[in-house]
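Note sheet for the following structure.
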């Protein structure tokens, strides 16, 4: 495999693939900011899997495409511009990285192919009501009983638990020593008896978050990743990997592009919004920061130690702030039409109905509200600042 | 005069309101109101009437004759409790339109009904392409015999779904200019009037209102021909003051909630309030809130004393600009400092932010008012004399 890849040719190849295989309707909906259905996302996942363009970090022998980091970057860039769905990556990224690093052959055999194919969805059972940023303080107890663990506890903020087949469940198997030393990672089959899921309605009026209650849930020891009580070490790898994708560079470009197009159409006080100096200044400032962020990203993209180091924290912090700035602008652009609340349109658009106000308005404020969570989840901004400070101050 | 003092009477009103709302309009009670089909609590509305709050800004003899500063103080308590009841459309907007523009007969018919809680009304002043300029009106009121026929489409009319009557802005015969602006009192059950109602992001009820050749008599026009622009300015002023009051009260409550949370929540084996970084952040929120409340009260007082003065126009825009910017910042920080729990509808923190988004847009957002302020203030004009006396 040549170390020098013709990126322009590759970009062209990706564009052709997208033009051929990305359903226009899905792309339109994604670019307009609507929430895609599980089917839309899974269909796209399968399309990618068929082409072999999935599992970017995966070793080639497990089906990874063997791309350089820059190829991956180009691919994600083109996909975002074209409106390709952002597929569920818990399985592809987080679970897979755990399995590659710490999983048994049997676990890899069982889980990697369905993850790669997109035939299962994964959720994360990590946070608890009293353990947010202080993740290591988690309590959910798992007691060994023969060749099973018996779990009795609860988890919260589990996105997609209600539609997932499997769950990464982080439990406590030892409370006697330091909190970091008693954590174990289990793979939980969501069909296991004893699991109750309570939906949590978000600020966008939608249901994606959940609380999960586990009553005498039995998990085979064979579903444990790595050794008992070694979970924290593994979690640090797991969490570190999330940061760059949580920065959402590609989302920024999509949001910005949408903002540009509607700023030309929406009229405020007789002039298109793009001519409003204040609005345009805000857009300019954001665009400048996006460029800086992209340069930072490209600098670390092929340096694995930086991908989990302070640079990743900077990217996550800034990237999520910029996401929020753009979503705020998209909401503000709606003017009075930021007020009407039509939750159904967030999934399906207006369909045959006449829109209330400009079409972009209906999802824009709910999106802005829900994504206040970007600076909270996957490592809050405060945690990022701690990590950065530690690095700066030594 | 920048010094603002509240009277004993005002303090009593505010204390009573806070106490009532704490008991009767807790977050749980409010959640029930939000979930109800009507989106309001009629018993609460009766209580409001009995407390005299529905008659507060309505002039004597039909109401208590309170001024815009009194109104702002009461609205602070409503903002703190995130009251959903349609006080703004019925009492403030329609109440002002009728008391400042209604005939004696209309005042006698409607103002007591508003004050006693028997009437529900709404004012339709925004349109699809008007942005925040309430004079950008495409709705036409065409002269037709002794009356008018009104045709047009109104946007985001708060309180419309429940209203028995709507006050609608239109241009006489579609003519441009201030003297062609008019306000009309239109019964809800009027041929040609259609509504598409919905819930707002902050749990209130509003509608898109369509008028197709809605016939109204001459008497439906509020005030004299040519007087509509001044009347509309007065309605918007009272609405803006109400929104400023609500914002100041909401900001206060959000900061209080955040401080309490930081004092309660523990992570890393210590209270969040023990982290200096967070102490400074909540202190900063306090500063923003104090600043905000000061400037909102100043604007309200100015409006009470001199509603038509340029000083008031300046004060209102200053306050609305800061209210939007600081109010938003306070509410976003409130969410951030609470963490994931604030991303759910189940907890109050996110609801402050939702209400703040709505309050920012009503009567012009921060950006709009920064622009207006820059235009009004002589010192900021390129051609203004430096340090001009009496400016």
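The values are calculated or read from the model by the stated rules, or taken from the named source; none is laboratory data. It should be emphasised that the depicted structure is a prediction, and the values quoted were computed from it without experimental measurement. Ideal geometry is used to build each Cβ from the backbone, glycine not excepted, and the neighbour counts take in all protein chains shown.
Is one or more of the residues making up region A:275-297 touching a strand residue (DSSP E or B) at 6+ places or on another chain (Cβ under 9 Å) and within 11 Å of chain B (Cβ to nearest Cβ)?
Yes, because at least one residue in region A:275-297 is touching a strand residue (DSSP E or B) at 6+ places or on another chain (Cβ under 9 Å) and within 11 Å of chain B (Cβ to nearest Cβ).
Among (1) within 14 Å of another protein chain (Cβ to nearest Cβ); (2) surrounded by fewer than 18 Cβ atoms within 10 Å (Cβ to Cβ); (3) in contact with a helix residue (DSSP H, G or I) (Cβ under 9 Å, 6 or more places away or on another chain), there is one condition residue A:233 misses while meeting the rest; what is its number?
Every listed condition holds for residue A:233 apart from (1).
I'm checking my understanding of the structure. Among residues of region B:115-152 that are under 17 Å from the mean Cα position of the chain (by Cα) and buried (at least 23 other Cβ atoms within 10 Å of the Cβ), which one is nearest to the other protein chains (Cβ to nearest Cβ)? Show your work before the answer.
Filtering region B:115-152 for residues under 17 Å from the mean Cα position of the chain (by Cα) gives B:120-126, B:131-134.
Filter once more, keeping what is buried (at least 23 other Cβ atoms within 10 Å of the Cβ): B:121-126.
Numbers: B:121: 19, B:122: 14, B:123: 13, B:124: 12, B:125: 10, B:126: 5 Å.
Here the residue is B:126.
Which residues, taken from region A:125-157, are under 15 Å from residue A:186 (Cα atoms) and in a loop (DSSP other than H, G, I, E, B)?
Initially, region A:125-157 is screened for residues under 15 Å from residue A:186 (Cα atoms), giving A:125-127, A:138-145, A:147-155.
Of everything in region A:125-157, those that are under 15 Å from residue A:186 (Cα atoms) and in a loop (DSSP other than H, G, I, E, B) turn out to be A:126, A:127, A:138, A:139, A:140, A:147.
Out of all the residues in region A:159-184, which are part of a loop (DSSP other than H, G, I, E, B) and in contact with a helix residue (DSSP H, G or I) (Cβ under 9 Å, 6 or more places away or on another chain)? Steps first, answer last, please.
Here is the first cut: in region A:159-184, the residues part of a loop (DSSP other than H, G, I, E, B) are A:159-160, A:164-165, A:173-178.
Hits for region A:159-184 are A:159, A:160, A:164, A:165, A:173, A:174, A:175, A:176, A:178.
Looking only at region B:1-26, how many residues end up being modelled with pLDDT of 95 or more and touching a helix residue (DSSP H, G or I) at 6+ places or on another chain (Cβ under 8 Å)?
Residues that pass the stated criteria total 10.
Given (1) within 24 Å of residue B:7 (Cβ to Cβ); (2) crowded, with 24+ Cβ neighbours inside 10 Å, identify the lone condition not met by residue B:101.
(1)
Within region A:372-394, count every residue that is buried (at least 21 other Cβ atoms within 10 Å of the Cβ), more than 10 Å from chain B (Cβ to nearest Cβ) and in a loop (DSSP other than H, G, I, E, B).
Of the residues in that region, 1 qualify.
Looking at region B:52-80, which of the residues that are surrounded by fewer than 18 Cβ atoms within 10 Å (Cβ to Cβ) and out of contact with any helix residue (DSSP H, G or I) (no Cβ under 7 Å at 6 or more places or on another chain) is nearest to residue B:295 (Cα to Cα)?
Selected residue: B:65.
If you check every pair at least six apart or on different chains, which have Cβ atoms under 7 Å apart with a residue in region B:278-305 that is in contact (Cβ under 8 Å) with a residue 24 or more places away in the chain first and a residue that is not in a helix (DSSP H, G or I) second?
So the pair list comes out as B:297/B:4; B:298/B:2; B:298/B:4; B:301/B:4; B:304/B:67.
So residue B:62 passes all but one of these: (1) in a loop (DSSP other than H, G, I, E, B); (2) without any contact (Cβ under 8 Å) to a residue 24 or more places away in the chain. Which condition number does it fail?
(2)
Going through B:364, B:339, B:350, B:327 one at a time, which residue ends up being outside any helix (DSSP H, G or I) and either within 14 Å of another protein chain (Cβ to nearest Cβ) or modelled with pLDDT under 95 (or both)?
Values: B:339 fails: outside any helix (DSSP H, G or I); B:350 fails: outside any helix (DSSP H, G or I); B:327 fails: outside any helix (DSSP H, G or I).
Just one listed residue meets the conditions, B:364.
Kindly indicate whether any position in region A:346-364 is on the phi < 0 side of the Ramachandran plot, within 11 Å of another protein chain (Cβ to nearest Cβ) and within 22 Å of the chain's Cα centre (by Cα). Before you say what the answer is, go through the steps one by one.
Going residue by residue through region A:346-364, those that are on the phi < 0 side of the Ramachandran plot are A:346-348, A:350, A:352-356, A:358-364.
Retained after the next criterion (residues that are within 11 Å of another protein chain (Cβ to nearest Cβ)): A:353-356, A:358, A:361-362, A:364.
Now drop any that are not within 22 Å of the chain's Cα centre (by Cα), which leaves A:364.
Yes; the residues of region A:346-364 include at least one that is on the phi < 0 side of the Ramachandran plot, within 11 Å of another protein chain (Cβ to nearest Cβ) and within 22 Å of the chain's Cα centre (by Cα).
So is residue B:101 touching a residue at least 40 places away in the same chain (Cβ under 8 Å), more than 24 Å from residue B:242 (Cα to Cα) and more than 17 Å from the chain's Cα centre (by Cα) or not?
Numbers: touching a residue at least 40 places away in the same chain (Cβ under 8 Å): yes; more than 24 Å from residue B:242 (Cα to Cα): no; more than 17 Å from the chain's Cα centre (by Cα): yes.
Answer is no for this residue.
Being over 27 Å from residue A:359 (Cβ atoms), outside any helix (DSSP H, G or I) and in contact (Cβ under 8 Å) with a residue 12 or more places away in the chain is the filter here; which residues of region A:4-60 pass it?
If the condition is that a residue be over 27 Å from residue A:359 (Cβ atoms), outside any helix (DSSP H, G or I) and in contact (Cβ under 8 Å) with a residue 12 or more places away in the chain, then A:5, A:52, A:53, A:54, A:55, A:56, A:57, A:58, A:59 are the ones that fit.
Scan region B:188-201 and report the pairs whose first residue is on the phi < 0 side of the Ramachandran plot and whose second residue is surrounded by fewer than 18 Cβ atoms within 10 Å (Cβ to Cβ) and modelled with pLDDT of 95 or more, with Cβ atoms within less than 6 Å and a gap of 6+ or a chain change.
Taking only residues 6 or more apart or on different chains, the pairs are B:188/B:164; B:194/B:210.
Mind checking which residues of region B:5-43 are in a loop (DSSP other than H, G, I, E, B) and closer than 21 Å to residue B:256 by Cβ? Spell out how you get there, then give the answer.
Filtering region B:5-43 for residues in a loop (DSSP other than H, G, I, E, B) gives B:5-7, B:25-26, B:36-41.
Matches in region B:5-43: B:6, B:25, B:26.
How many residues does region A:268-317 contain that are more than 22 Å from the chain's Cα centre (by Cα), outside any helix (DSSP H, G or I) and crowded, with 18+ Cβ neighbours inside 10 Å?
Qualifying residue count for the region: 2.
Could you count how many residues in region A:330-345 are part of a helix (DSSP H, G or I), crowded, with 23+ Cβ neighbours inside 10 Å and more than 8 Å from chain B (Cβ to nearest Cβ)?
Total meeting the criteria: 1.
Yes or no: region B:324-346 includes at least one residue that is without any contact (Cβ under 8 Å) to a residue 40 or more places away in the chain and more than 30 Å from residue A:317 (Cα to Cα).
No, the conditions are met nowhere in region B:324-346.
Take the residues in region A:146-157 that are touching a helix residue (DSSP H, G or I) at 6+ places or on another chain (Cβ under 8 Å) and surrounded by fewer than 21 Cβ atoms within 10 Å (Cβ to Cβ); name whichever of them is nearest to the other protein chains (Cβ to nearest Cβ).
A:148
With the requirement that a residue be surrounded by fewer than 14 Cβ atoms within 10 Å (Cβ to Cβ) and in a helix (DSSP H, G or I), what does region B:291-310 give you? Break it down into steps so the answer makes sense when it comes.
Going residue by residue through region B:291-310, those that are surrounded by fewer than 14 Cβ atoms within 10 Å (Cβ to Cβ) are B:291, B:306, B:308-310.
If the condition is that a residue be surrounded by fewer than 14 Cβ atoms within 10 Å (Cβ to Cβ) and in a helix (DSSP H, G or I), then B:291, B:310 are the ones that fit.
Could you pull out the residue among A:322, A:369 that is away from chain B (no Cβ under 11 Å), modelled with pLDDT of 95 or more and not in a loop (DSSP other than H, G, I, E, B)? Give the derivation first.
On the way: A:369 fails: away from chain B (no Cβ under 11 Å).
Exactly one of A:322, A:369 is away from chain B (no Cβ under 11 Å), modelled with pLDDT of 95 or more and not in a loop (DSSP other than H, G, I, E, B), namely A:322.
Looking for something within 14 Å of chain B (Cβ to nearest Cβ), over 19 Å from the mean Cα position of the chain (by Cα) and at pLDDT 95 or above - is there at least one such residue anywhere in region A:138-145?
The answer is yes, given that some residue of region A:138-145 is within 14 Å of chain B (Cβ to nearest Cβ), over 19 Å from the mean Cα position of the chain (by Cα) and at pLDDT 95 or above.
Take residues that are under 17 Å from residue B:127 (Cα atoms), under 21 Å from the mean Cα position of the chain (by Cα) and within 14 Å of another protein chain (Cβ to nearest Cβ) and tell me which of the strands (runs of 3 or more DSSP E) falling wholly in region B:165-248 contain 2 or more.
Values: elements: B:165-172, B:181-187, B:193-200, B:205-217.
Because the criterion is at least 2 residues that are under 17 Å from residue B:127 (Cα atoms), under 21 Å from the mean Cα position of the chain (by Cα) and within 14 Å of another protein chain (Cβ to nearest Cβ), the strands (runs of 3 or more DSSP E) in region B:165-248 that meet it are B:193-200, B:205-217.
Can you say whether residue A:252 is away from every other protein chain (no Cβ under 14 Å), outside any helix (DSSP H, G or I), in contact (Cβ under 8 Å) with a residue 60 or more places away in the chain and at negative phi, as far as the supplied structure shows? Spell out how you get there, then give the answer.
Values: away from every other protein chain (no Cβ under 14 Å): yes; outside any helix (DSSP H, G or I): no; in contact (Cβ under 8 Å) with a residue 60 or more places away in the chain: yes; at negative phi: yes.
No, not satisfied.
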